[in-house]
Amino acid sequence: MKTKIKTYSGRMVAIFIAMLFAAVLAIASLGKIAKADSPTNDRAFNSDYDRLFEDFDKTDDDLADTTYSTGSVGEKSYLSVTLPKADTGAPIYKQGGIFGIPDTLYITMRGTADLDDILLLVSPADATPDYQLAFSDLLDTVGDNLPALTGDWQTYEISFSETYDGITYDGTAVPVIGTEVQRLHIISTAGASGIVEIADIKFTTVEQPLGYYATQFLGSDDVQDAAKAASNITVYWAGSGGRIVKRVVSIGEDEILAVMNTDIPSGAYQYVYIDADDTTDISVMFKAVGSEDASAAFALAGENYAELPYEIDGILISNDGTTDVKINKIFFTSFETSTP
């Protein structure tokens, strides 16, 4: 089933509809973008030289602010771990940092593993002592056990006051409740099997009753970098025995992807680069900065780049072929070694 972003501003919709209408009118006059000497089809985005326009690596709500598609925008990035792990010492997920004094822990998960085989470890320091409990023994905010993992995303609410009432850290008199947490691990038993996927981890604390994200697995393919990018707490380290699965955006036959962001114009960059798996049947249109009119449509005809006719802050990409096309990111570049 295709997932489509459906929440976007009325003005944004009007502009995209106007661009789409113009695309229909211009389809008969599609022309191939002329090659320049310096552009190449194997440009890898480099933040030192290029300007990222959209990489779709954000929450659905944030993506809806800039992006409209009649195709599939896929799922937000998430962590995926297959049990047993190749590295038996690697956790499902681990993070060290200043978590504060937890009230409720929210973990959005899905999968096939048994909750008896998944353990939550918390610790007040980056070393022992700690305390471990199977997810099947954790309690929600009304004192009930957590539901089994399924193929659908579920947000597990883990109440510290309900779960750790009267419990102290192993070998100490330090109570889990009311003590600052600096280490969080989600680990598996030796005989665990199945899949565990995590979309995000969020805490509410005494200091922050509205909560904060420990990680949303956004902003990087690296688990630690993603935690540092998404969290508004101090993060010492993070890791996993799994991998981050990134959002996959694709458009099929006669489908479009439109991106508009007035905060990221092309500036002095000369080209837009479409990082896609196949641009043979892809055509593009541009929206100039300060205008709601769209350019004529141009066929990329296998090229990954198009020369910009003027400064833009919007682009519409259409698929004129019959094969789905995956689009990874869109960025501005001049194919130079220094930013213009």
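The values are calculated or read from the model by the stated rules, or taken from the named source; none is laboratory data. Here the structure is a predicted model, which is why all the values come from computation and not from measurement. With ideal geometry, Cβ positions are generated from the backbone for all residues, glycine too; neighbour counts draw on all protein chains shown. Quick note on the areas: whole protein, heavy atoms, side chains included, nothing else; ligands and nucleic acids left out. Shrake-Rupley method; radii C 1.70, N 1.55, O 1.52, S 1.80 Å.
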I'd like to check something: does segment 131-150 contain any residue that is touching a strand residue (DSSP E or B) at 6+ places or on another chain (Cβ under 8 Å), within 30 Å of V248 (Cβ to Cβ) and surrounded by fewer than 17 Cβ atoms within 10 Å (Cβ to Cβ)?
yes
Here's a check for you: in segment 113-140, which residue that is at pLDDT 95 or above and assigned to a loop (DSSP other than H, G, I, E, B) is nearest to T172 (Cα to Cα)?
L138
Before we move on, is D313 modelled with pLDDT of 95 or more, touching a Lys or Arg at 6+ places or on another chain (Cβ under 8 Å), open to solvent by 10 Å² or more (accessible area, probe 1.4 Å) and not in a loop (DSSP other than H, G, I, E, B)?
no
Quick check on my filter: what residues within segment 44-86 are over 25 Å from T155 (Cβ atoms), charged (D, E, K, R) and open to solvent by 50 Å² or more (accessible area, probe 1.4 Å)?
D48, R51, D55
In segment 242-252, what residues are part of a loop (DSSP other than H, G, I, E, B), open to solvent by 20 Å² or more (accessible area, probe 1.4 Å) and closer than 30 Å to I317 by Cα?
K246, R247, V248
Looking at G89, G97, can you tell me which residue is open to solvent by less than 30 Å² (accessible area, probe 1.4 Å) and modelled with pLDDT under 95?
G97
